[in-house]
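J.: Below you'll find the structure I mean.
What follows draws every value from the coordinates through simple rules; no lab data is involved. This structure is a prediction, so every number in the text was calculated from the model and none was measured. Glycine also receives a Cβ, built like all others from the backbone with ideal geometry; neighbour counts cover every protein chain displayed.
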Amino acid sequence: MNKFRRFLLTAPIVLAALGGQALAQSIPLSDLSAYLNSLQTAEGQFTQINADGTISTGTIYIKRPGRIRFEYDPPERALVIAGGGSLAVFDPRSNTGPDRYPLSETPLSIILAREVNLDRARMVVDHGDEGNATYVVAQDPDHPEYGNIKLVFTGSPVQLRQWVISDNAGGETTVILGDMQVGGRIRDALFNIIAEEQRWSSN
């Protein structure tokens, strides 16, 4: 299993209990698309459940379109950055630099797209309620082999609470979002893979 899957594709997790009143019906796809398109910048804490039952935590930065950064807390000290059309995984145990992948070949590209349109034909393969949350399972309709992403939202107002990324081999990871600061200013430098690579090589 490559490093991208080790960091982002781990074991399944039962959906965390989410607050708020139960939803009478699923939030429409058009409303979820509008919410994601309005989410230009966000930052906050995240929790990731690993395959061996351990928990990874860290800070996430989102700057749409096309940019995301996961800073993992010690002792892990890993880093995952999407920017410039690529996704890079920085492993502190590696001496060969980051592993890179085209962002377009990962399910994260769906929520980082310039214009999210969940109503696009064959993009959403499942949509419904789980407890007091609405979920959507989406994939690249032209390349389902890239895997899918399950997005979990609460309503009133709509908020993204967590996602589950699945690959075509059955590997999964869940990222649970803490309270997010939405709409603030986030420096472009946080998503500069080349600059980050130079910084890591000098340490």
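J.: Could you derive backbone 3J(HN,Hα) for the range 179-187 from the dihedral phi with the Karplus parameters 6.51, -1.76 and 1.60 (θ = phi - 60°), listing whole Hz in sequence and x where the residue is Gly or Pro?
T.: Each residue of the range 179-187 in turn: 5, 9, 8, 9, x, x, 8, 10, 5 Hz.
J.: Here is a follow-up. Using each residue's phi in the range 158-168, evaluate 6.51 cos²θ - 1.76 cosθ + 1.60 at θ = phi - 60° and report the 3J(HN,Hα) Karplus result to the nearest Hz, with x for Gly and Pro.
T.: Couplings: 5, 9, 7, 9, 6, 9, 10, 9, 10, 9, 6 Hz.
J.: Quick one: which residues, 5+ away or cross-chain, put their amide H under 5 Å from the amide H of Leu118? H built at 1.01 Å from N.
T.: Ser33
J.: Under the Karplus relation 6.51 cos²θ - 1.76 cosθ + 1.60, θ = phi - 60°, what is the ordered set of whole-Hz ³J(HN,Hα) values for the range 92-97, x standing for Gly and Pro?
T.: Values, residue by residue: x, 8, 9, 10, 10, x Hz.
J.: What's the longest uninterrupted piece of the chain once you rule out the trypsin sites (Lys or Arg not before Pro) that are loop residues per DSSP with at most 11 other Cβ within 10 Å?
T.: That gives 1-92 as the longest site-free run.
J.: Let me ask another. Using Cα pairs under 8 angstrom and six or more residues apart, how large is the relative contact order of the chain, in percent?
T.: 26
J.: GluC sites (Glu not before Pro) within the range 60-115: which are DSSP loop residues with at most 14 other Cβ atoms inside 10 Å?
T.: The qualifying sites are Glu115.
J.: For labels at Ser94 and Glu43 in the simple 7 Å Cα→Cβ model, what's the distance in nm?
T.: 2.5
J.: Under a 5 Å amide H to amide H cut-off, with H placed in plane at 1.01 Å, what residues pair with Glu130 once short-range neighbours are removed?
T.: Here the answer is Tyr135, since their amide H atoms fall under 5 Å of that of Glu130.
J.: Along the charge dipole of the chain, Cβ charges K/R +1 and D/E -1, which of Asn203, Ala88, Tyr72 sits furthest on the positive end?
T.: My answer, from the dipole projection, is Asn203.
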